[in-house]
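Single-structure report; data block below.
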Amino acid sequence: MKPVVDGLQTSYSDKLDFAIYTNVNSEQSVSQFADDKGVVYVPTMMLVNAEGVELSRWVGAVAEGELKMAFDEAAP
Amino acid sequence: MADYTPQIDSQIAQLLKLRGVVTPDMISGVSEQDANSFLRMYVGQHADEQLAFDGTSLTAGIPTLAEEPAPQAATTGIPIDADPGYGVPPPGGYGAPPPAGYEAPQPEGHTGYTPDLAPPEEPSGWLWLLPIVFGWIGGIIAWAVAKNTNSRIARNMLVTGIAISVLAACMVFGLGFCSATASAPTDTSWPATGRVTFYYFGTPS
């Protein structure tokens with residue numbers, strides 16, 4: 001899933017900010033942060049608007065097109 | 001006194017045949033004294049018929065039965081004594097063995113008791129490991145192996161395998177549910193960065 005996210009980051013970097021955490025199991029602070037946000041399985045992805053409200057959450061592999069649709073809707 | 005005529009004889013015979021008993025008043029046309037005499041004469045005339053006249057009525061006599069021989073045991077020839085009464089123990093005491101050569105009578109057609117059903121066999125105890133370890137799959141295998149030996153135990157093995165599978169599924173589901181609820185997000189607020197942000201938690205590759 002990481003390569004897909006990397007591709008999307010390249011495409012949508014001007015519209016969205018990307019916060020990518022690949023060290024959930026190695027970094028204590030990241031692990032605690034993930035626990036606080038209810039991350040149980042990896043990969044888990046969230047889309048948060050400018051006001052800090054979570055718009056969508058995906059657990060597991062997701063189709064790239066679905067993510068693109070969500071990005072386009074949240075940041076037209 | 002009137003004469004004992006054949007007509008009177010046939011009248012008495014007919015009354016005796018129809019009613020079984022004849023009294024003097026049944027004979028018509030004669031006095032009671034004459035009728036009484038006629039009945040006595042009838043008895044004398046028909047001595048071979050075993051009639052009985054007690055002075056008031058004439059009846060046909062009941063033949064006496066020949067005496068029956070005393071009952072004896074069919075196989076041993078031991079005579080059976082008169083009923084000793086309840087509570088009197090047999091000569092040999094209760095539980096005494098039967099006399100030598102005694103053979104208990106059996107009903108016709110009976111060839112003696114031969115049990116047809118042998119005690120049910122039990123399958124190997126190791127077969128129980130199949131449903132315990134492999135769940136419903138092991139239960140089906142154990143059932144297939146044991147069904148010809150003991151169908152009841154085979155069914156129990158199948159039920160055990162299914163029950164263990166169901167129990168394991170409940171435990172896994174329950175633990176997963178508990179884990180999910182325990183990890184429910186406690187902080188649903190995200191920092192307001194002023195831009196839409198995509199968060200990714202995953203592996204490096």
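Some observations on this one:
- Accessible surface of B:Ser151, taken over heavy atoms with a 1.4 Å probe and every protein chain present, rounds to 80 Å².
- For the range A:2-74, the solvent-accessible area with a 1.4 angstrom probe is 53 square angstrom per residue.
- Counting Cβ atoms of other protein chains within 10 Å of each Cβ in A:69-75 and taking the mean gives 2.
- Peptide A:19-31 - average C-beta neighbours from other chains (10 Å radius): 3
- Average Cα contact separation per residue, the range A:2-74, under 8 Å, 6 or more apart, as relative contact order %: 22
- Total accessible area lost when A and B pair, probe 1.4 Å, Å² to nearest 100: 2800
- Counting Cβ atoms of other protein chains within 10 Å of each Cβ in A:50-58 and taking the mean gives 4.
The values are calculated or read from the model by the stated rules, or taken from the named source; none is laboratory data. Keep in mind it's a predicted model, so treat the numbers as computed, not measured. Counting neighbours? That spans all protein chains shown, and the Cβs are built from the backbone with ideal geometry, glycine included. The protein model used for the area step is the full one, side chains on, heavy atoms only, and it has no ligands, DNA or RNA in it. Shrake-Rupley method; radii C 1.70, N 1.55, O 1.52, S 1.80 Å.
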